[in-house]
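The values are calculated or read from the model by the stated rules, or taken from the named source; none is laboratory data. From a predicted model like this one, the values you see are computed outputs, not experimental measurements. Here Cβ is always computed from backbone atoms with ideal geometry, including for glycine, and neighbour counts include all displayed protein chains. Remember, those area values only see protein heavy atoms, side chains included, never the ligands or the DNA or RNA. Shrake-Rupley method; radii C 1.70, N 1.55, O 1.52, S 1.80 Å.
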Amino acid sequence: MNYTAEDEILIQAKWEALAKSCERICKNEEDWNFIKRAYFLAKEAHQGVRRRSGEPYFLHPIAVAQIVVDEIGLGVKSVVASLLHDVVEDTDYTVEDMEHIFGHKIASMVDGLTKMSGVFNADTSRQAEYFRKVLLTLSDDVRVILIKIADRLHNMRTLGAMPQNKQIKITGETMYLFAPLAYRLGLHAIKTELENLCMKYRFPK
């Protein structure tokens, strides 16, 4: 099932906003083409899929890429990895496909993001052990952690569409894992917003 004409208009508007933000990080036509290739592949891969809110799923990776540029200040490769961050986890594309199409670095970043997502379906002790390893290996590529924080920030901003039990689980993870991680990485505004959103859903009154 494809997106509707209204969906396409919404996606196009979000893409144009992202492209505007990317003007300051794209140094040449090669950079632009790299981002566009990721955009069109991710759009095709997520075609017709919707979030629980009913909106096109593809708006999520665009929003994560926007956060990565505007609020964290990362560059072209991080935008590409953000656009692709759910492709391997949620579609038929593989890490090998990513390497063939986008090169080793992007494939490595997407693979890291995919593995990190899998941890949040695990029990609490495995999550804690995983994040201990994350903190010990930040030097590998801190951009993967930063993109994951951007992913969590957008999910928190749209948490109202989730059932209450999911809200409790996600706010718990956010308060104890993501907010301290954002603080440690110097993302103080994001850390504060994550904490405020947690309080909003934990104590709505």
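Miscellaneous remarks
- Selected residue (criterion: surrounded by the most Cβ atoms within 10 Å (Cβ to Cβ)) from residues of the stretch 132-163 that are modelled with pLDDT under 90 and farther than 22 Å from I106 by Cα: A161
- Considering the stretch 1-119, the qualifying helices (runs of 4 or more DSSP H), each wholly inside and each with 2 or more residues that are among the small types (G, A, S), open to solvent by less than 10 Å² (accessible area, probe 1.4 Å) and in contact with a Phe, Trp or Tyr (Cβ under 9 Å, 6 or more places away or on another chain), run over 29-45.
- Leading residue by the ranking (nearest to the chain's Cα centre (by Cα)) among those in the stretch 30-82 that are over 19 Å from K105 (Cα atoms) and hydroxyl-bearing (S, T, Y): Y57
- Pairing each residue of the stretch 75-86 that is touching a residue at least 60 places away in the same chain (Cβ under 8 Å) with any residue that is open to solvent by 10 Å² or more (accessible area, probe 1.4 Å), provided the two are 6+ apart or on different chains, yields C-beta distances under 6 Å for S78/R143.
- Near pairs, Cβ below 8 angstrom, 6+ apart or cross-chain, from the stretch 4-18 (among the hydrophobic types (A, V, I, L, M, F, W, C)) to any residue that is not in a helix (DSSP H, G or I): L10/E55; L10/P56; I11/Y3; I11/P56; I11/F58
- When residues of the stretch 176-205 are limited to those that are open to solvent by 30 Å² or more (accessible area, probe 1.4 Å), in a helix (DSSP H, G or I) and closer than 23 Å to S53 by Cα, the one modelled with the lowest pLDDT: R202
- Tally of residues being of a type in the set (S, T, Y) and either within 19 Å of L185 (Cβ to Cβ) or open to solvent by 10 Å² or more (accessible area, probe 1.4 Å) (or both) across the stretch 164-174: 1
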